[in-house]
Amino acid sequence: MNLLLLDRAGWSLVLDLLDALTTGCYEHIMRTKETKYKWGHKMWDASKCDLCGDCLVRCRYVDYDKEKAVAEIRLLMEGKDADILTKCITCIACNDYCPTGADPSNLIFKMQERIGTSPIVVALAPFLDVITKGLEGQGEPSHLIAGDPDKPVLSLDSFDFGEIPEGTLDSQLFKGMTVVRGIEYMSLVGCVHMGGESFVEKYGQRVIDKLASLGKDIVYFHNEGFTLVHVKAKEYGITVPFGYMHLFEHLRNYLRDHQSSISKLGKKVAYQANCATRYVPEQDAFLDEIFELIGVKRPPRLYERLNAVCCTAPIINTNRELAIGIQEKNVKDAIECGADALITSCPYCDRVLRRPTSQLSLPKIFITDLCRIALGEKPWPEG
Ligand code: SF4
Ligand code: SF4
């Protein structure tokens with residue numbers, strides 16, 4: 001190898017290898033750095049980690065001091081099992097806590113898949129098998145509802161029609177759009193909640209090629225589909241040959257262009273963010289604009305933005321006691337901030353929060369339904 005011809009990434013690889021030879025982490029660093037060198041990605045990046053421990057000290061689902069947090073990260077960096085792998089509920093918040101952008105949740109998700117013993121991974125392995133079959137073209141058929149030739153496609157990810165709010169596809173918000181759903185169109189990003197971190201790399205190009213075959217631009221109903229094309233595709237060097245848009249931007253555009261049809265709601269709402277919104281925080285500005293356009297205020301509350309809590313969908317069947325405790329704190333916080341409703345934007349969050357919101361008499365409204373209420377398509381729900 002002519003060292004004089006190496007670029008910055010090449011030098012970084014050489015220095016990592018030298019470091020690995022002295023620290024005994026050769027195999028692990030080769031595995032992670034080979035991928036980094038190949039794609040120039042920004043997933044887990046050991047070179048950015050200064051072992052400050054902030055990620056796991058601030059994780060609200062464990063009670064680690066700095067020493068324990070650093071020891072856990074060290075074990076993972078060495079490719080070894082660690083306590084955090086069984087405790088992590090895959091909320092992605094530690095990415096926001098990390099001051100250097102090292103992406104610690106990606107390291108944890110990779111190791112959860114590799115070690116394979118976390119309760120989430122064990123319990124959801126059968127679902128991952130179904131997803132694998134679907135992605136390999138051996139699952140249930142996908143669905144396509146043809147729309148107007150000049151309108152974009154609305155991708156529902158792998159959600160069944162029955163998992164989105166009733167009447168959504170009849171709304172003026174999506175009129176004339178082609179609609180697709182099925183495992184072959186799924187976002188893959190959410191596979192980290194089942195021990196499938198590698199699925200984006202394995203199947204990302206296949207999913208994107210399937211959407212590209214429609215020959216249209218895509219509006220993503222689910223935040224995670226948008227995350228796949230907007231964030232993960234770049235990290236993995238996956239080509240995205242079509243234009244795309246987040247649901248929030250689509251809704252903002254429609255409402256902005258039809259302001260005379262809006263009746264301002266005059267309500268206060270709390271918002272339950274989908275965990276993968278942490279990858280695309282800039283989309284939150286569209287949500288704020290939507291709320292402004294329809295006359296809705298978002299009063300400050302404890303569990304929002306950086307401090308948002310998991311909806312608990314990944315753990316509802318593996319750690320029900322913890323899940324119910326988080327749900328209760330979350331919904332009570334929404335009520336205490338004066339919200340008239342809790343707004344969701346992910347069908348999984350929406351489903352798992354049905355019980356606690358109903359028990360505490362707080363209306364729960366999917367973001368598309370909130371817009372439909374402002375457009376006069378639906379009434380405000382009973383508490
Ligand atoms: S992803 Fe969430 S639960 Fe897992 S370690 Fe990070 S902050 Fe904790
Ligand atoms: S991943 Fe980030 S927050 Fe965690 S120890 Fe490394 S630098 Fe600190």
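Values quoted throughout were computed directly from the atomic coordinates according to the rules given, and no laboratory measurement underlies them. The model shown is predicted, which means the values in this text are computed figures rather than measured ones. Heads up, the Cβs are rebuilt from the backbone with ideal geometry, glycines too, and the neighbour counts pull from every protein chain shown.
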Inset, instruction - Taking the Cβ of Arg252 as the centre, find all other residues whose Cβ is under 11 Å away and add up their charges (Lys, Arg: +1; Asp, Glu: -1). - result: -4
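If you average the sequence gap of Cα pairs under 8 Å that are 6 or more apart and divide by the length of the range 46-117, what percent do you get for the contact order?
On the way: 81 pairs, mean separation 24.1, N = 72.
Computed over the range 46-117, the figure is 33 percent.
Taking R0 as 51 Å, what FRET efficiency do you get between Ala212 and Leu306 from their Cβ-Cβ distance, rounded to the nearest 0.05? Present the calculation step by step, with values, prior to reporting the outcome.
Numbers: r = 35 Å, r/R0 = 0.68.
For R0 = 51 Å, the calculated efficiency reads 0.90.
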Inset, instruction - Please label the shape of the range 214-358 as rounded, prolate or oblate, based on the square roots a ≥ b ≥ c of the eigenvalues of the alpha-carbon gyration tensor (a/c under 1.5 means rounded; beyond that, a/b larger than b/c means prolate, else oblate). - result: oblate
Legend entry - Amide N of the range 61-100 lying under 14 Å from the label point, which is placed 7 angstrom from the Cα of Asp50 along Cα→Cβ: 98-100
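Count neighbours as other Cβ atoms within 10 Å of each site's Cβ, and list the GluC sites (Glu not before Pro) in the range 69-175 that are DSSP loop with at most 15 such neighbours. Walk me through the numbers on the way to the answer.
Details: sites: Glu72, Glu78, Glu113, Glu136, Glu163, Glu166; in loops: Glu78, Glu136, Glu166.
Those that pass, being in a loop and sparsely packed, are Glu78, Glu136, Glu166.
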Inset, instruction - Collect residues whose amide H, placed 1.01 Å from N in the peptide plane, falls under 5 Å from the amide H of Lys297; neighbours closer than 5 in sequence don't count. - result: Lys267, Lys268, Val269
Legend entry - Fraction of antiparallel bridges per DSSP, the chain only, in percent to nearest 5: 15
Legend entry - Size descriptor, Kirkwood hydrodynamic radius, that averages inverse alpha-carbon separations across the range 128-276, Å: 16.3
Inset, instruction - Grab the beta carbon distance between Asp96 and Asn253, set R0 = 30 Å, and tell me the FRET efficiency rounded to 0.05. - result: 0.60
Legend entry - Residues in the range 299-318 reached by a label modelled at Arg355 [backbone nitrogen below 20 Å; 7 Å Cα→Cβ]: 309-318
Legend entry - Helix runs (DSSP H) in the chain reaching 20 Å along axis by Cα, Kyte-Doolittle at least 1.6: 119-135
Legend entry - Theoretical gain in end-to-end length, Ile324 to Glu336 [0.36 nm per residue, Cα-Cα removed]: 2.5 nm
Legend entry - Eligible lysines near Lys80 by straight Cα distance, threshold 16 Å, same-chain separation 8 or greater: Lys68, Lys110
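Return the calculated 222 nm mean residue ellipticity for the chain, to the nearest 500 deg cm²/dmol, obtained by summing -39500 (n - 2.57) across DSSP H runs with n ≥ 4 and dividing by the residue count.
Dividing the helical sum by the residues of the chain leaves -12500 deg cm²/dmol.
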Legend entry - Backbone N under 16 Å from the Ala123 label point (7 Å along Cα→Cβ), restricted to the range 297-340: 310-328
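By the gyration tensor of its Cα atoms, with a ≥ b ≥ c the square roots of the eigenvalues, what is the shape of the range 46-117: rounded for a/c under 1.5, prolate for a/b over b/c, or oblate?
It is rounded, given that a/c, with a ≥ b ≥ c, falls under 1.5.
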Legend entry - Distant-in-sequence amide H partners of Phe366 (H built 1.01 Å from N, under 5 Å): Thr344
Legend entry - For the range 47-55, Karplus couplings with θ = phi - 60° (6.51, -1.76, 1.60), whole Hz, Gly/Pro x: 5, 8, 8, 9, 6, 6, x, 4, 4
